[in-house]
Structure formats: structure tokens, C-alpha cells
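Below is one structure, written out as C-alpha cells; the observations come after it.
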Amino acid sequence: MAKFSRIAIANRGEVAVRIIKACEEMGLETVLLHSEADINSRAFRMATKTICIGPAPTAESYLNIKANIDGALAGGAQAIHPGFGFLSENADFAEAVQKAGLTFIGPSAESIRSLGDKVHCKELAKRAGLPLVPGYQGENQTVAELIKQAEKIGYPVIVKAAAGGGGRGMKLIRDSADAAELIESAQREAQSAFGSPKVFLEKYLDRAKHIEFQVFGDSTGNVIHFFDRECSVQRRHQKIIEEATSPSLTDDLRRRMGEAACAIATLGKYKGAGTVEFLLQDGEFYLLEVNTRLQVEHPVTEEVLGVDLVKMQILTAEGNFVHDPKLIRSPRGHSIECRIYAENPYMGGVPSTGLLGRIEWPEGPGRRYEYGFSEGDTITSFYDPMIAKVIVWDESRSRAIQKMIRVLKDSIVFGVHTNIPYLIEILSHKEFVNGTMTTRFIETYFADAL
Ligand code: ADP
């Protein structure tokens, strides 16, 4: 059993701040491993120690395994928290961290390999008897074979990069006329974006909801779930608004999906926080993938359950966390999260960069803000344009929606454009209010926001 005194953070922005706050509460020091571009950021000002690991481009800093490990060692840390994105789901990184004598705050490299790899994960899921979207994950990657398989599955078919993530590397094939061209371009893009041309096919579900379960494996390997989140409000396959719990699950579905989520995580010998994602259509659920890390939308789960997933991750990595049945509760009330993007909502969401002016997040009960920048900081074009998350909690879903609209109307972000006006429209839309939205909600009603 280890006991950490200093933790390195291989990340930036709001999640780096989130991890620093958890460490501060636990009496732990932090070392922020940052790029040259992030010297004006909240995490930089909050960390106990900061170490510059390289220039702004991610390949030379946040994605550079050696630079991160060298930085953590030089900073005197015993463990590295990878946050989400960047190296968080990179099994080679997890392994290199252990080899350097440090602890990776996350699952083992083997778990990341078996569950985090979309194709391996499906094989494991098949063995566990979990329902999968009909598809093809074969080794034969010739265009002719992929077309044959697509016809067998039946259009529309989605082609995905095996090593892809973050909503990227996916193409929708609506009919056979476009198949060859789309498959070839998917393979090319997979190679250039993810370093491997391998793709797989899935039947495209055109009226599905995105429902996911937060799983957590403790230090003894006991995996339980912390209920579900719904993340159907998406743009370009990326989530914008998430909530806990889903307004769409019956008790029976919730129980069965929760059991399925724990079953696959247990098979993958999962430790720490992970997310099992499903698509739900016509009352049937299908495993989509497993994310072997903390999720952007983890706060909504924390709000309805009164837990701190980041602290639990750290304790688990120390070997000090065991689920206490007496503390496990049912979800209370409802929580919603909105992702605030620095972008111009009236120009198709083009990123908006520049110096931040006045920023105000209105205070009040059941309101939580996770942000990485303050007044006087600069938003650059090097990284993801998500600059903050607004999270609310209230007794019911309708009250949480009301609260979120009020909070967004009262929030002030000067200096860059944000998607706040769009978020307010989405939250007021009848389909969202009714909870009946599918993953095509934005493309159907807010096409100009795409
Ligand atoms: P990533 O790892 O890039 O996030 P996912 O496989 O998790 O990719 O899918 C992201 C989103 O893309 C899903 O939430 C869903 O909206 C859409 N999607 C993925 N696969 C399918 C499918 N087979 N049918 C319909 N939508 C899909």
C-alpha cells in the first residue's frame, strides 16, 4: 500500500484544476506538467509546483510520454493523474509510468488494452454475452471485404477507426453508392489521425439514446456502478449536455444495463473510475465502448450521489479504497452539465480565441463551475475549445433545467464568443424538456449549430 505526498498532473485546463482541488483537500501537493502555452491558466497558478514539458503542439508536450514521465520524476511526484483526453487511455503510457517507479492513477495497462481498445472490448463483451450493435470487426481490411460486410449488416452503416476516439474518425455510409469512397477515406483518416488504418463497421442506429454507466473498481477488484448518465445531446458525435440520471430508463432497464456494465468491467479486471457506454433504441441496449478513464461529465454523477470520483481514484491507486456497502446510496435529485465552448455560435461554431475579459459565474445553491481560465488569461487555438463546465443540481429534472437556464443567462464570459446562447435554446426545446431526445437531436433541430 502506497501513500502519496505529491501527484503529477499530465493534463491542462479545467480537469487539471479539478484534480488539484481534490489533491488540496487530501493534503497532497501537485506538480502540473504543462506546455509553454499554458503559463496563463488557473491550474498553473494553483499547482504547488509547475514543470514545463514542451512547446504548445500536443505531440511535443501533452502527448509526449517521456517528457511527462521525466517531468513527474523531476518534480518529485510518486504518481501521475492523466485526467481525460491526451495520454489518459494510452496503455503504453500507463506501462511506462509503472516502469519509471511511479503509480498511474487509473486502471492497469492490461485493462486499458483489453477494454479501451474498441475491437478487443467487443470480443470480451461477446464472451460475456453482452448485446452489441451488429457489425464487423474482422482482420480482413480490404475495401471489397468491408463493402461485402456493410451490405450484410444493411445500410446505414457507420465506419469507425479502431484506434479512434473523441467522436472523431467516424463516417456514416447511407447507401452502397458511397461505400467504397467513404471506407477509403475513413482508412486514410484513421492512419493520419490515430496511426493505424484499421476500421470496423457497425449498423447505424438512427433513433438511439446515448446512456452510460459510471463503474468503479476498488483496490480489491470489487466493481460496482454509480448509476447512469444520459448524453444524447451531441454535435458531431461529441457530447454537449449530460445529465444524471437518464430520464429514459425504466427500473428494469437500469438494473440490466448496470449489471452488464459491471460484468464487462469485472472481466477486464477494472480498477478505478471507468465508463461503460451504451446506445439504447426501442427498449434494447447495445454496448458501444468502454472509456478507461475519468469522464468529462463525471460531475453529474458526483452531484446525484454525493461522491468524489477523483479522490476515490487517488485512494484506489494508493491501494486504500474499498467500497463500503453502508455508504453506497441511491441517486438523489437530478443534475445537468453544460459544456461551455469558446466558439462563435452564429458562425457554425468556429473556435473563438483571444484574451478573456470579465468572467462571472453566478453563485447559489446547487451550482458548480469547473473552469481552467480566468480574466486576463488567453484562449489559444492549440487545444480543445471547451473552456468550462456548468453543473447544476436540483430536486427534479424540470427544476434542474430551469436552474441551468437561469445560471447560463446570468453567466458572464467576455473576450471570446461562447455557445451559451445555443445551450439556452437547447435546454428550452420541447424534445429536451420531455427527455425524448436522441443522438440526432442537434442535427435535426439545430443544424446551423453543427
Ligand atoms: P468515440 O470513442 O469517438 O466517442 P463512440 O463509439 O463512443 O466514439 O461514439 C460516439 C457517438 O457516436 C455515440 O454517442 C453516438 O451518438 C454515435 N454513434 C457511434 N456509433 C453509433 C452507431 N452504431 N449508431 C448510431 N450512432 C452511433
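The values are calculated or read from the model by the stated rules, or taken from the named source; none is laboratory data. Note that the structure is a prediction, hence the values are computed from the model and not measured. A quick note on method: Cβ atoms are made from the backbone with ideal geometry, for glycine too, and the neighbour counts reach across all protein chains shown.
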If you check 246, 232, which single one turns out to be at pLDDT 95 or above, within 14 Å of the ligand (Cβ to nearest atom) and over 15 Å from the mean Cα position of the chain (by Cα)? 246
Tell me, please, whether a residue that is within 30 Å of residue 206 (Cα to Cα), more than 16 Å from the ligand (Cβ to nearest atom) and free of Cβ contacts under 8 Å to residues at least 24 places away in the same chain can be found in the stretch 322-337. no
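From the residues in the stretch 19-37 that are within 27 Å of residue 340 (Cβ to Cβ) and in contact with a Gly (Cβ under 8 Å, 6 or more places away or on another chain), which one is surrounded by the most Cβ atoms within 10 Å (Cβ to Cβ)?
First, pick out the residues of the stretch 19-37 that are within 27 Å of residue 340 (Cβ to Cβ): 19-25, 30, 32-37.
Next, only the ones that are in contact with a Gly (Cβ under 8 Å, 6 or more places away or on another chain) stay: 19, 33, 35-36.
Details: 19: 29, 33: 31, 35: 22, 36: 14.
The residue in question is 33.
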Residue check: is residue 64 farther than 21 Å from residue 17 by Cα and within 21 Å of the chain's Cα centre (by Cα)? no
Quick one: in the stretch 38-68, which of the residues that are of a type in the set (Val, Ile, Thr) and in contact with a helix residue (DSSP H, G or I) (Cβ under 7 Å, 6 or more places away or on another chain) is surrounded by the most Cβ atoms within 10 Å (Cβ to Cβ)? 53
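Under 16 Å from the mean Cα position of the chain (by Cα), at pLDDT 95 or above and closer than 30 Å to residue 309 by Cβ - does that describe any residue in the stretch 153-164?
no
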Output the qualifying pairs, or none if there are none: Cβ atoms under 6 angstrom, residues six or more apart or on different chains, first residue in the stretch 291-317 and under 20 Å from residue 230 (Cα atoms), second residue polar (S, T, N, Q) and in a strand (DSSP E or B). 291/275; 295/275; 300/335; 301/214; 303/335; 304/335
Could you check how many residues of the stretch 394-424 are outside any strand (DSSP E or B), closer than 25 Å to residue 249 by Cα and of a type in the set (D, E, K, R)? 4
Of all residues in the stretch 112-128 being more than 22 Å from residue 210 (Cβ to Cβ) and without any contact (Cβ under 8 Å) to a residue 60 or more places away in the chain, which is farthest from the chain's Cα centre (by Cα)? 123
Please state which of the following conditions residue 191 fails to meet, knowing it meets all the rest: (1) free of Cβ contacts under 8 Å to residues at least 24 places away in the same chain; (2) closer than 30 Å to residue 428 by Cα. (2)
Mind checking whether some residue in the stretch 7-24 is under 21 Å from the mean Cα position of the chain (by Cα) and part of a strand (DSSP E or B)? yes
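Assess whether residue 195 counts as being surrounded by 14 or more Cβ atoms within 10 Å (Cβ to Cβ), modelled with pLDDT under 95, within 16 Å of the ligand (Cβ to nearest atom) and not assigned by the TED database to the domain that holds residue 254.
no
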Suppose the filter is at pLDDT 95 or above, hydrophobic (A, V, I, L, M, F, W, C) and over 16 Å from the mean Cα position of the chain (by Cα); does residue 304 pass it? yes
What is the number of the single condition among (1) within 15 Å of the ligand (Cβ to nearest atom); (2) farther than 15 Å from residue 286 by Cα that residue 122 does not meet? (2)
Scope the stretch 137-188; condition under 22 Å from residue 290 (Cβ atoms), in contact with a helix residue (DSSP H, G or I) (Cβ under 6 Å, 6 or more places away or on another chain) and away from the ligand (no atom under 12 Å from the Cβ); matching residues: 137
Does residue 368 count as outside the structural domain of residue 16 (by the TED database) and not in a helix (DSSP H, G or I)? yes
How many residues of the stretch 382-410 are surrounded by 18 or more Cβ atoms within 10 Å (Cβ to Cβ) and among the hydroxyl-bearing types (Ser, Thr, Tyr)? The answer is 1
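Can you confirm whether the stretch 209-222 contains a residue that is of a type in the set (Asp, Glu), closer than 27 Å to residue 437 by Cβ and in contact with an Asp or Glu (Cβ under 7 Å, 6 or more places away or on another chain)?
So far as the stretch 209-222 goes, yes, one or more of its residues are of a type in the set (Asp, Glu), closer than 27 Å to residue 437 by Cβ and in contact with an Asp or Glu (Cβ under 7 Å, 6 or more places away or on another chain).
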Looking at the stretch 77-98, which of its residues are of a type in the set (Asp, Glu) and in contact (Cβ under 8 Å) with a residue 24 or more places away in the chain? 89, 92
Residue pairs meeting the criteria (Cβ under 8 Å; at least 6 apart or on separate chains; first modelled with pLDDT under 95, in the stretch 422-436; second aliphatic (A, V, I, L, M)): 422/449
Yes or no: the stretch 260-273 includes at least one residue that is surrounded by fewer than 24 Cβ atoms within 10 Å (Cβ to Cβ), of a type in the set (Ser, Thr, Tyr) and within 15 Å of the ligand (Cβ to nearest atom). no
Just need a number here: residues in the stretch 182-207 that are more than 22 Å from residue 86 (Cα to Cα) and β-branched (Val, Ile, Thr). 1
